[in-house]
There are 2 protein chains.
Amino acid sequence: MNSHIYQPAALKPGTLRVIPLGGVGEIGRNMTVYELDGKLLIVDCGVLFPEEHQPGVDLILPDFTPIRDRLDDVLGVVLTHGHEDHIGAVPYLLRLRQDIPLIGSNLTLALIEAKLKEHRISPYTLTVKEGQTEQFGPFELEFVAVNHSIPDALAVAIKTSAGVVLHTGDFKMDQLPLDDRITDLRAFARLGEAGVDLFLPDSTNADVPGFTAPERGIGPVLEGIIAKAPRRVIVASFSSHVHRVQQVLDAAHANGRRVAFLGRSMVRNMGIAAELGYLKVPEGVLVDFKKAGDIPDDKIVYMSTGSQGEPMAVLSRMANLEHKIEVGKGDTVILASSLIPGNENAVYRVINGLIKLGANVVHKGNAKVHVSGHASAGELLYCYNILRPKNVLPVHGEYRHLVANADLAVQTGVPEENTFIVENGAVIDLRDGEVAIVGQLDIGFVYVDGSTVGEITDADLKDRRILAEEGFISIFAAVDAQTGRVIVGPEIQARGFAEDEAVFDAVKPLIVRALAEAAENGTRDSHAFSQVIRRTVGRWVNTQHRRRPMIVPVVIEA
Amino acid sequence: MNSHIYQPAALKPGTLRVIPLGGVGEIGRNMTVYELDGKLLIVDCGVLFPEEHQPGVDLILPDFTPIRDRLDDVLGVVLTHGHEDHIGAVPYLLRLRQDIPLIGSNLTLALIEAKLKEHRISPYTLTVKEGQTEQFGPFELEFVAVNHSIPDALAVAIKTSAGVVLHTGDFKMDQLPLDDRITDLRAFARLGEAGVDLFLPDSTNADVPGFTAPERGIGPVLEGIIAKAPRRVIVASFSSHVHRVQQVLDAAHANGRRVAFLGRSMVRNMGIAAELGYLKVPEGVLVDFKKAGDIPDDKIVYMSTGSQGEPMAVLSRMANLEHKIEVGKGDTVILASSLIPGNENAVYRVINGLIKLGANVVHKGNAKVHVSGHASAGELLYCYNILRPKNVLPVHGEYRHLVANADLAVQTGVPEENTFIVENGAVIDLRDGEVAIVGQLDIGFVYVDGSTVGEITDADLKDRRILAEEGFISIFAAVDAQTGRVIVGPEIQARGFAEDEAVFDAVKPLIVRALAEAAENGTRDSHAFSQVIRRTVGRWVNTQHRRRPMIVPVVIEA
């Protein structure tokens, strides 16, 4: 996958080594390993969601190979916030060593602990908060409040004898966030004045000009929509977006409506958020889904998952009339969410289905019901100017985002040669404020499929794509190795190719003849006979049907 | 697929029947059949491009079933403009009856004739232009100029004894188009004053507020980008977008650059457009691709296809360094195109690849290099107010677009009960200005795959999706029908499942045992033995791997 693989020289004492194992060149599976004096510190350990060219894959993990033999040296995993792309791979890491300490804020740890419980893992944790400083071996960590689309997110400054690193995690700079917990630019200023040698900033929105709009602007829009809604209101959003849900609760409350949570992750996460005080539930507003049916249609709001068109989630099932709530004329559905690239067709299918049932569907295409959780270019400029980092390693983005982010750094005065656009597996050394790329490890994709981890390979996915595009034809024959005579068969099965199997009657005599000819020409072993069948059927199907299905011959010598 | 299928009563003389065979509830395969007094007139005959849940499908055609036995009654096919979703299925219709006359504008017919030539069909054609009137049996056709993202587009008024229909085709209302050929609102006004009983308007952008920006605004942006480009410029757009290409030619010319066309369809279509005078090529600006390499990098613009990330098109191949033009630092790539939903990941992969090679990539996300070809809500309001149709049947859109368009009609005073949101195959009768839905035919998807048309079924596509998600396991066994003893096999093959076939050693004895037990319990025939294998392997793979691959047993009685 990676270009120019080369091993770094052994790490010298007093040099800090940084290796991103995921999240660079992609949005997801964020994970960065820091090494100093034989000890490792990990920041984030998330999952990546598959694209359409990775069919059947449930999740993609960072490649743990470079640290697999070093797990005893890991001092801890800092989790910057509770999103799946930052915490989702933790269960798979802890399967390798259960007692790696997890370090994070109150909410972040509560969310990962709930997830680990499902994996029957009870982790060692250290709860930290903004302003706090902790020493882990050679790493002194200072945690800094940042604002994001989930509460209690932290950046982490890593202070070492080799230099100071600031790793932002995901963040934006909403100046009037719902919880008044802003990205702490005073701390950025202080760190910057003391000197930040290497800055690893979130790049997601680096190519978006201007400023991300404030979350607070969504509340009045929701309130207005709910006020005018004649019947039920169903709001779909991400199940971790506590502030978005807060605004739905408040808007419902202001309109004298009650709210029922729908979807397993929504119920679970909001339970945690409410218990820890991050979600402030107005007295008496919540109602259990089971009792929501008793409430008049114009007095209820359902808060659900499924805003990305996920086929099994609540909203898709509603659109297909496969959910207990039968959406109908007069109902209002609000998708208070982003539209993640690749999900468009699925989301539009859900929207069309809901409109067909008579619902009024509101989404970010026709109302201001969503803002991003990431800093746009304008915010990043503030950030660079306050921090003035010596070196910049943009993370958390596709290539185009990383380049845009580095370009912003350069515009604020960071020398171009001090910005580093790298790939996952790059080995970056820091010493005396000097940064150098000293190696490139071979980093792969680790696919989770069902209960298997890492068993599905890129070759399997290639096979799956061929099967999806063309289907397959399997041909069984028991062959007399001496004469090439077909004793049993040829028995042909096909799937995804054509319904009518009589279509294969035409190729069977061709196979029989080809095998006999091959035997005449000296072919004797079953592998060679298989190849003869593959060629014969391949040529026939290409000529007759202009198609290239997978051809799977099975020959047994009889 | 369709709901509430019911056959219409036989059509009475003097009643006009309208049946959309495609394009309603989807963007693509536009085709509408008009019937009066035993004669048929067809408007458009396009293709639909497949989505990700239709893997391997090349094209989707309208379902010709309702007219298959009536082809001799077809008086002609009016083609409103030369886009694939309006003309692409013509070759498949003409395969059924070659001498159906095609009626359209100069450019539209030139484009379909070039396409038919590849299918070795030489059609009967009638060239028409705006203002012209033609009588086809009971149908009097008046053609009206409309403005769209391809030149020479026409709306068609169908005047009959049963009433007057206006079918817009695709259109927008750019008031200062490049060719000064505006949508003829004077004709709309005149038709409206005389009385339009049924209006079939383009719905694509009905849910987009405001007005579509003028095409003319793109020229100066292109000129500015090209002026600043230090090296080569590569512009990608649709190969039928003559005015976009015109602006690229002009911008290149203004900057003293020459232009080479890239991609088979770009070369072909622009050849036709230039020959017919729709594309005005500044003297000496064009250069053959083969000679473009001799021109200095800062004096050349390549105009190419591939703006949707199509893997085999020029732009994708450039991004993968599989094209003769090796994109590098200093090159500028402009995607002067829309981003069709579902193509996002493919397009972003191309953009990331080009940026990685060092190119500066400009697209509609970061510059005003594209405007839509369809009328937004504001324009449609003008249209309704000028026309004042009695009844409205929104076409050319997904369900959400049709509903939005009907809503605009109602806002301008069309009674809600006179707006009709239907599905493909709806049978709509018009008589004395009264419209009624009188039937719903069962309309399917006709898939083109390779050289096959209509052979791939929805069941095959379901199989393909399962194969893509999970792969398959095929098990061959020759079984003694009396004892259930496995004489040959079980021989197991799998694809898309796991690389290591040793994994199946565990299930083989289970199969042997299950077959013997089945025989003991009286099972004798090979179909029943197959079911035993399917169950055994299915249960094993689900328990051991939490996976559900397709299981394909082949049992031969020995």
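Just one of the numbered conditions (1) more than 13 Å from chain B (Cβ to nearest Cβ); (2) within 22 Å of A:L467 (Cβ to Cβ) is not true of A:F529: (2).
Rundown of residues vs (1) within 15 Å of A:I226 (Cα to Cα); (2) within 11 Å of chain B (Cβ to nearest Cβ); (3) aromatic (F, W, Y), yes/no style:
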| position | (1), (2), (3) |
| --- | --- |
| A:V301 | yes, no, no |
| A:M312 | no, no, no |
| A:L315 | no, no, no |
| A:A346 | no, yes, no |
| A:N352 | no, yes, no |
| A:G358 | no, yes, no |
| A:H363 | yes, yes, no |
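A search for C-beta distances below 6 Å between a residue of segment A:184-210 that is free of Cβ contacts under 8 Å to residues at least 60 places away in the same chain and any residue that is among the hydrophobic types (A, V, I, L, M, F, W, C), counting only pairs 6+ apart in sequence or on different chains, returns A:D184/A:V144; A:D184/A:A145; A:A187/A:V144. Collect the residues in segment B:438-462 that are at the interface with chain A (Cβ under 10 Å from one of its Cβ atoms), open to solvent by 40 Å² or more (accessible area, probe 1.4 Å) and in contact with a Lys or Arg (Cβ under 9 Å, 6 or more places away or on another chain), keeping them in residue-number order. Of everything in segment B:438-462, just one residue is at the interface with chain A (Cβ under 10 Å from one of its Cβ atoms), open to solvent by 40 Å² or more (accessible area, probe 1.4 Å) and in contact with a Lys or Arg (Cβ under 9 Å, 6 or more places away or on another chain), namely B:S451. Does B:E322 meet the test of being in a loop (DSSP other than H, G, I, E, B), of a type in the set (D, E) and either over 16 Å from B:P311 (Cα atoms) or within 12 Å of chain A (Cβ to nearest Cβ) (or both)? The answer is no for B:E322. For residues in segment A:502-517 being in contact (Cβ under 8 Å) with a residue 24 or more places away in the chain and open to solvent by 10 Å² or more (accessible area, probe 1.4 Å), which is farthest from the other protein chains (Cβ to nearest Cβ)? Going through the qualifying residues, I end up with A:E517. For segment A:402-420, the set of residues classified as in contact (Cβ under 8 Å) with a residue 12 or more places away in the chain and assigned to a loop (DSSP other than H, G, I, E, B) consists of A:T412, A:G413, A:V414, A:F420, listed by residue number. Scanning segment B:305-324 for residues that are open to solvent by 10 Å² or more (accessible area, probe 1.4 Å) and hydrophobic (A, V, I, L, M, F, W, C) returns B:M312, B:A313, B:A319, B:L321. Of the listed requirements (1) touching a Cys at 6+ places or on another chain (Cβ under 9 Å); (2) open to solvent by 40 Å² or more (accessible area, probe 1.4 Å), A:I421 misses just one: (1).
Based on what the data block shows, is A:S474 within 14 Å of chain B (Cβ to nearest Cβ), in contact with a strand residue (DSSP E or B) (Cβ under 6 Å, 6 or more places away or on another chain) and modelled with pLDDT of 90 or more?
Numbers: within 14 Å of chain B (Cβ to nearest Cβ): yes; in contact with a strand residue (DSSP E or B) (Cβ under 6 Å, 6 or more places away or on another chain): yes; modelled with pLDDT of 90 or more: yes.
Criteria met by A:S474.
The residue of segment B:333-344 that is nearest to A:D407 (Cα to Cα), among those that are more than 10 Å from chain A (Cβ to nearest Cβ) and not in a strand (DSSP E or B), is B:A336.
Restrict the check to segment B:314-328 and report whether at least one residue is in contact (Cβ under 8 Å) with a residue 40 or more places away in the chain and among the hydroxyl-bearing types (S, T, Y). Checking segment B:314-328: not a single residue is in contact (Cβ under 8 Å) with a residue 40 or more places away in the chain and among the hydroxyl-bearing types (S, T, Y). Counting only residues that are within 14 Å of chain A (Cβ to nearest Cβ) and free of Cβ contacts under 8 Å to residues at least 60 places away in the same chain, segment B:421-437 holds 1 of them.
Of the residues making up segment A:480-501, just one is crowded, with 19+ Cβ neighbours inside 10 Å, away from chain B (no Cβ under 11 Å) and in a loop (DSSP other than H, G, I, E, B), namely A:G484. Among the residues making up segment A:249-291, a single one is under 19 Å from A:L107 (Cβ atoms) and of a type in the set (D, E): A:E275. For segment A:196-292, the helices (runs of 4 or more DSSP H) that sit wholly inside it and include 2 or more residues that are modelled with pLDDT of 95 or more and surrounded by 20 or more Cβ atoms within 10 Å (Cβ to Cβ) are A:218-228, A:242-254, A:264-275.
Scanning segment B:463-479 for residues that are assigned to a strand (DSSP E or B) and small (G, A, S), we see that the one that is surrounded by the fewest Cβ atoms within 10 Å (Cβ to Cβ) is B:S474.
Quick one: would you say A:I355 is in contact with a strand residue (DSSP E or B) (Cβ under 7 Å, 6 or more places away or on another chain), surrounded by 20 or more Cβ atoms within 10 Å (Cβ to Cβ) and without any contact (Cβ under 8 Å) to a residue 12 or more places away in the chain? Spelling it out, A:I355 is indeed in contact with a strand residue (DSSP E or B) (Cβ under 7 Å, 6 or more places away or on another chain), surrounded by 20 or more Cβ atoms within 10 Å (Cβ to Cβ) and without any contact (Cβ under 8 Å) to a residue 12 or more places away in the chain. Close contacts from segment A:130-151, counting a first residue that is under 26 Å from A:D37 (Cα atoms) and a second that is part of a loop (DSSP other than H, G, I, E, B) and open to solvent by less than 20 Å² (accessible area, probe 1.4 Å), with Cβ to Cβ under 7 Å and a gap of 6+ residues or different chains, come to A:E134/A:V128; A:F143/A:V128.
Among the numbered conditions (1) under 19 Å from B:F472 (Cβ atoms); (2) within 13 Å of another protein chain (Cβ to nearest Cβ); (3) not in a strand (DSSP E or B), the only one that A:V537 does not meet is (2).
The one condition from (1) under 23 Å from A:D202 (Cβ atoms); (2) within 14 Å of chain B (Cβ to nearest Cβ) that A:G373 does not meet is (2).
Within segment B:295-346, the set of residues being within 23 Å of B:G219 (Cα to Cα) and under 18 Å from the mean Cα position of the chain (by Cα) comprises B:T305, B:G306, B:S307, B:Q308, B:S337, B:S338, B:L339, B:I340. Taken as a whole, segment B:379-394 holds at least one residue that is assigned to a strand (DSSP E or B), in contact with a Leu (Cβ under 8 Å, 6 or more places away or on another chain) and either open to solvent by less than 40 Å² (accessible area, probe 1.4 Å) or within 30 Å of B:E223 (Cα to Cα) (or both).
Looking at B:S149, is it assigned by TED's automatic domain parsing to the domain that holds B:L430, crowded, with 24+ Cβ neighbours inside 10 Å and within 30 Å of B:I295 (Cβ to Cβ)? Yes; evaluated as a whole, the condition is true for this residue.
When you check B:R120 against the structure, is it surrounded by fewer than 20 Cβ atoms within 10 Å (Cβ to Cβ) and more than 27 Å from the chain's Cα centre (by Cα), yes or no? Give the derivation first.
Numbers: surrounded by fewer than 20 Cβ atoms within 10 Å (Cβ to Cβ): yes; more than 27 Å from the chain's Cα centre (by Cα): no.
Here the answer is no, as B:R120 does not meet what is asked.
The values are calculated or read from the model by the stated rules, or taken from the named source; none is laboratory data. Just so it is clear, the model here is predicted, and its values are computed rather than measured. Cβ atoms come from the backbone with ideal geometry, glycine included; neighbour counts cover every protein chain shown. These area figures cover heavy atoms from the full protein model, side chains too; ligands, DNA and RNA do not enter into them. Shrake-Rupley method; radii C 1.70, N 1.55, O 1.52, S 1.80 Å.
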